[in-house]
Amino acid sequence: MADLRSNLAGIASPNPFWLASAPPTNSGYQVMRAFEAGWGGVVWKTLGTPIVNVTSRFAGMNYKQNKMVAMNNIELITDRPLDENLSEIAKCKRAFPDRAIVASLMEACERDAWRELVKRVQEVDIDGFELNFGCPHGMSERGMGAAVGQHPDLIARVTEWVVEASRVPVIVKLTPNVTDIRFPARAAARGGAHAVSMINTINSIMGVDVETWNPIPHVDGKSSHGGYCGPAVKPIALNMVNDCARDPEVGIPISGIGGVETWQDVVEFLLLGASNVQVCTAVMHHGFRIVEELADGLNRYLDARGIRSVAEIVGGAANRITSWNNLNLNYKIVARIDQSACIHCNKCYIACEDAAHQCIDRVRQPGGSTNLVVDEGHCVGCNLCSMVCPVDECIEMVRVDTGRPAQSWKERAAAMGEVG
Amino acid sequence: MAAPVPSLGEPFHRPLTHLEVKLEANRCLYCYDAPCMNACPTHIDVASFIAKIAAGNLAGSARVIMDANPMGASCARVCPTDQLCEGACVYRKDDTPIRIGDLQRYAVDAAMRDGTRLFEAGAPTGHTVAIVGGGPAGLSAARDLRRMGHAVTIFEAREMLGGLNTYGIVPFRLPIETALWEAEQVVELGAEVRTNVRVGRDLAMDALLAEYDAVVLACGMGGVPQIGIPGEDLAGVWDALEFIEQAKLGRDVGALGSRIAVIGAGNTAIDALTCSRRIARQASGGGEARVTMYYRRGERQMSAYGFEYDFAKQEGIEFRFFCAPARILGEGGRVKAIEFVRTRLETSEGGEAAVPVSGTEFVEPIDTVVRAIGQSRLVETFDRLGIAHDGGVVRVDESLQTTRPGVYAAGDCIFAKGTREAMVVEAAEQGKRAARSIDTYLRGGA
């Protein structure tokens, strides 16, 4: 059994699986259930001045028969009094002292308001703060949440106020609704944050009911943009996490959030630079019990590789991401189709023919059947055929030797410069 | 160990392909408090094991299965899933149920193939338990007792462990390797095994209780009883379980001829039918063999599962209902024919009885007869062991304790007709329950 213990900027938890600040961490009842199920930590649903919510709050994005490949929401922060939340936090911490409880906070951009909130919340035994500079709907219209997260100077200033007043590590949660995530992350680091977490949800409109023209979800016929999350946002989150992990000016640990549902998702976030992960949508879809699948899968993955602790893989593949100009132009792969596995759906053929490089041929066989054969000389190794193929391991992308040494665009341009 | 018998032909049910597994595992809804789990006598967390298959964690999936059901590999092949997990699947109403049994087989087969070690023995408690019988119930009890840290000795009358899984189910439904792998899982946890020891004959209960802190009786049932008609001593008359055993171990069953009669209509009868036909056809170089089931009641009263019956039809078995054998006729000491009499069902207080109709006798030329009319009870054994029983069904309380303190019973030896079915999965669950009760008993708990 590998050591799954995790430590994010001094916040220890028995495993790297935390629940993100969201509906599943709304109450002590839920957090107790989550801890019983095995979650290592929770970020409590954002505390602040209680708000009033609308009804009709979530919408799911389905892809064909697959439910909830993403969802969005227009729910706001906690709608329960601060005292109630604090007494429940204290109870949860007493019942599960080994788990991490981080309080998510949101306030108007006033120093005294933030200091007062920090002071009150840390009267109970909490392990850290997470500043919600990410919520993209509702609160942002009131100058909070993503409205702060989109202004690096505000991030740095508010972070400073909190760090000054806080006795525990401070995490800054960032909005992805920016052009370059490194700028807000650097601002958080400048403000003294001990870690950043990302991504919060993405501005989105889930859809429109084509019969009624009501937006989805709608509140009495109208809606506002909501926060988009779930499996579909994972690639965006991975990119942002990795951007920050490789940026020396950020330089603080990262809690990875965005579409984590399986143990493989966790491994990917960790390899690209996150120290732990936070989960929400998968729990909203399947319940707290999924943490058992995450823990078992991660454990077996580490054991199979002889890796003793989860900390050893953090950032393991972070520097595999580089600029395009550094990629080897002389690396070549081509598609190879396993005729025995092929079910002759011709999806690869039409994808290549209409959308790639016209290098799969339909070759008639003596018996009258047709084989799909790759013209390897013309194949550019784009992967599209293997992506549309419904049969695993039917189309393999195999490396072919170009006989040329590795050379990046940067190197080629430099060499051409020397020649020219 | 006997070599597998490839000559017995194609498996009853092929495994899913990788593509089928992927599609099926992703079709599962992962219901909470899932009906499939609740329909399984061992309560396998089906949603969890299927989610793990979908996430590529086959070892984790196999562990979930085998944790709940020490016979998870056999059950994946022989369980009547349409009456259990798949029968309860929420998709059953408007779509086809998830193929839970096949997915279970896929995950467990991977663990078998990869030699994955699934469980560890518990820290030694100093307590010792004797298990009488190394079939599904005994192995399940032994497995869980070892995980709890109790020392376990299994007394098995036969040469190999596994009970009916090893000896009594045709290889094209349950290969011997699968049954022995499950037994090996238990042995690897440190269970001591004493084979070729029959408790009640070679060893008395008092001797066991003197040496062990507790005992699990899991000795199943006896052979197929006599029908009670003239001619049963002729050559060419078989006990179905002995016949299946010979076939499964690859031993010669002699010339079966081309006309085979199986008397009875349960799952073992189906096994005897399909197995004998395959052997007879193979012996005659692919020639025809007329293999017929004779049953004194009707199709509706058959105790074989529907899918078994379907399989037998596909295998070319013929069925004669409402006829009972009156005597077996011989020539030169060998079966030559059977005289049957037609029957009809009469409703009485005790239910429906098959009553012979006089004057309807007819003779069928037959070369081989297989009796498959159920199993006898080990009445004498339990008498000798001083265990109270009702007509050979060991009497147990809620905790599965027999009338002798410290002696528990599980599996077919406590299976009373008219209660639950004598399934492998039920035996496994009883073995687990007996282990839990013994653990409580040994720790001096309530």
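Going by the conditions given, is A:Gln264 out of contact with any Lys or Arg (no Cβ under 8 Å at 6 or more places or on another chain), in the same structural domain as A:Pro405 (by TED's automatic domain parsing) and surrounded by fewer than 20 Cβ atoms within 10 Å (Cβ to Cβ)?
No, not satisfied.
Out of all the residues in the range A:164-180, which are of a type in the set (A, V, I, L, M) and buried (at least 24 other Cβ atoms within 10 Å of the Cβ)?
Hits for the range A:164-180 are A:Val170, A:Ile171, A:Val172, A:Leu174.
Inside the range A:363-391, can you point out the residues that are open to solvent by 70 Å² or more (accessible area, probe 1.4 Å), more than 14 Å from A:Ile333 (Cα to Cα) and at pLDDT 95 or above?
Result: A:Met387, single match.
The rows are residues; the columns are (1) surrounded by 14 or more Cβ atoms within 10 Å (Cβ to Cβ); (2) of a type in the set (D, E, K, R); (3) within 20 Å of the chain's Cα centre (by Cα).
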| position | (1), (2), (3) |
| --- | --- |
| B:Thr368 | yes, no, no |
| B:Arg371 | yes, yes, yes |
| B:Leu378 | yes, no, yes |
| B:Asp383 | no, yes, no |
| B:Gly392 | yes, no, yes |
| B:Ser399 | no, no, no |
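For A:His285, work out the one condition from (1) surrounded by fewer than 22 Cβ atoms within 10 Å (Cβ to Cβ); (2) over 13 Å from B:Ala51 (Cβ atoms); (3) within 14 Å of chain B (Cβ to nearest Cβ); (4) in contact with a strand residue (DSSP E or B) (Cβ under 7 Å, 6 or more places away or on another chain) it doesn't fulfil.
Failed condition: (2).
Of the residues B:Ala416, B:Ala428, B:Ala435, which single one is in a loop (DSSP other than H, G, I, E, B) and open to solvent by less than 40 Å² (accessible area, probe 1.4 Å)?
B:Ala416
Give the residue that is farthest from A:Glu376 (Cα to Cα), with candidates limited to residues of the range A:317-326 that are surrounded by fewer than 13 Cβ atoms within 10 Å (Cβ to Cβ) and not β-branched (Val, Ile, Thr).
My answer is A:Asn319.
Yes or no, residue by residue, for (1) modelled with pLDDT under 95; (2) over 23 Å from B:His127 (Cβ atoms); (3) in the same structural domain as B:Gly162 (by TED's automatic domain parsing):
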position	(1), (2), (3)
B:Glu361	no, yes, no
B:Pro365	no, yes, no
B:Asp383	yes, yes, yes
B:Gly391	yes, yes, yes
B:Pro405	yes, no, yes
B:Thr419	yes, yes, yes
B:Val424	no, yes, yes
B:Ile438	no, no, yes
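Wholly within the range A:50-161, which strands (runs of 3 or more DSSP E) include no fewer than the required count, namely at least 3 residues that are open to solvent by 20 Å² or more (accessible area, probe 1.4 Å) and either of a type in the set (Phe, Trp, Tyr) or assigned by TED's automatic domain parsing to the domain that holds A:Val283 (or both)? Give the steps one after another, and end with the answer.
Details: elements: A:58-63, A:66-73, A:100-105, A:128-133.
Because the criterion is at least 3 residues that are open to solvent by 20 Å² or more (accessible area, probe 1.4 Å) and either of a type in the set (Phe, Trp, Tyr) or assigned by TED's automatic domain parsing to the domain that holds A:Val283 (or both), the strands (runs of 3 or more DSSP E) in the range A:50-161 that meet it are A:58-63, A:66-73.
Evaluate the range A:205-212: report whether one residue or more is buried (at least 17 other Cβ atoms within 10 Å of the Cβ) and touching a residue at least 40 places away in the same chain (Cβ under 8 Å).
yes
Can you tell me which residue among B:Thr360, B:Thr343 is outside any strand (DSSP E or B) and either in contact with a helix residue (DSSP H, G or I) (Cβ under 7 Å, 6 or more places away or on another chain) or in contact (Cβ under 8 Å) with a residue 12 or more places away in the chain (or both)?
B:Thr360
Out of everything in the range B:60-77 that is open to solvent by 10 Å² or more (accessible area, probe 1.4 Å) and touching an Asp or Glu at 6+ places or on another chain (Cβ under 7 Å), what residue ends up being farthest from the other protein chains (Cβ to nearest Cβ)?
That would be B:Ala68.
Test A:Ala237 against the criterion of being assigned by TED's automatic domain parsing to the domain that holds A:Gln122 and open to solvent by 40 Å² or more (accessible area, probe 1.4 Å), and give yes or no.
On the way: assigned by TED's automatic domain parsing to the domain that holds A:Gln122: yes; open to solvent by 40 Å² or more (accessible area, probe 1.4 Å): no.
When the stated conditions are applied, A:Ala237 does not pass them.
Against the definition (free of Cβ contacts under 8 Å to residues at least 40 places away in the same chain, acidic (Asp, Glu) and within 22 Å of B:Val357 (Cα to Cα)), how does B:Glu299 come out, yes or no? Outline the logic, then answer.
Details: free of Cβ contacts under 8 Å to residues at least 40 places away in the same chain: yes; acidic (Asp, Glu): yes; within 22 Å of B:Val357 (Cα to Cα): yes.
It is true that B:Glu299 is free of Cβ contacts under 8 Å to residues at least 40 places away in the same chain, acidic (Asp, Glu) and within 22 Å of B:Val357 (Cα to Cα).
Residues B:Phe319, B:Phe311: which one is more than 15 Å from B:Thr360 (Cα to Cα), part of a helix (DSSP H, G or I) and in contact (Cβ under 8 Å) with a residue 24 or more places away in the chain?
B:Phe311
Among the residues of the range A:293-316, which ones are surrounded by fewer than 18 Cβ atoms within 10 Å (Cβ to Cβ) and facing chain B (nearest Cβ under 10 Å)?
Passing the criteria: A:Asp303, A:Ala304.
Has the range A:21-30 got any residue that is within 24 Å of B:Tyr30 (Cβ to Cβ), open to solvent by 20 Å² or more (accessible area, probe 1.4 Å) and among the aromatic types (Phe, Trp, Tyr)?
Within the range A:21-30, one or more residues are within 24 Å of B:Tyr30 (Cβ to Cβ), open to solvent by 20 Å² or more (accessible area, probe 1.4 Å) and among the aromatic types (Phe, Trp, Tyr).
The values are calculated or read from the model by the stated rules, or taken from the named source; none is laboratory data. Everything numeric here is computed off the predicted structure, so don't read it as measured data. As a convention, Cβ positions derive from the backbone with ideal geometry for all residues, glycine included, and neighbour counts pool all protein chains shown. With ligands, DNA and RNA removed, areas are computed over all heavy atoms of the protein, side chains included. Shrake-Rupley method; radii C 1.70, N 1.55, O 1.52, S 1.80 Å.
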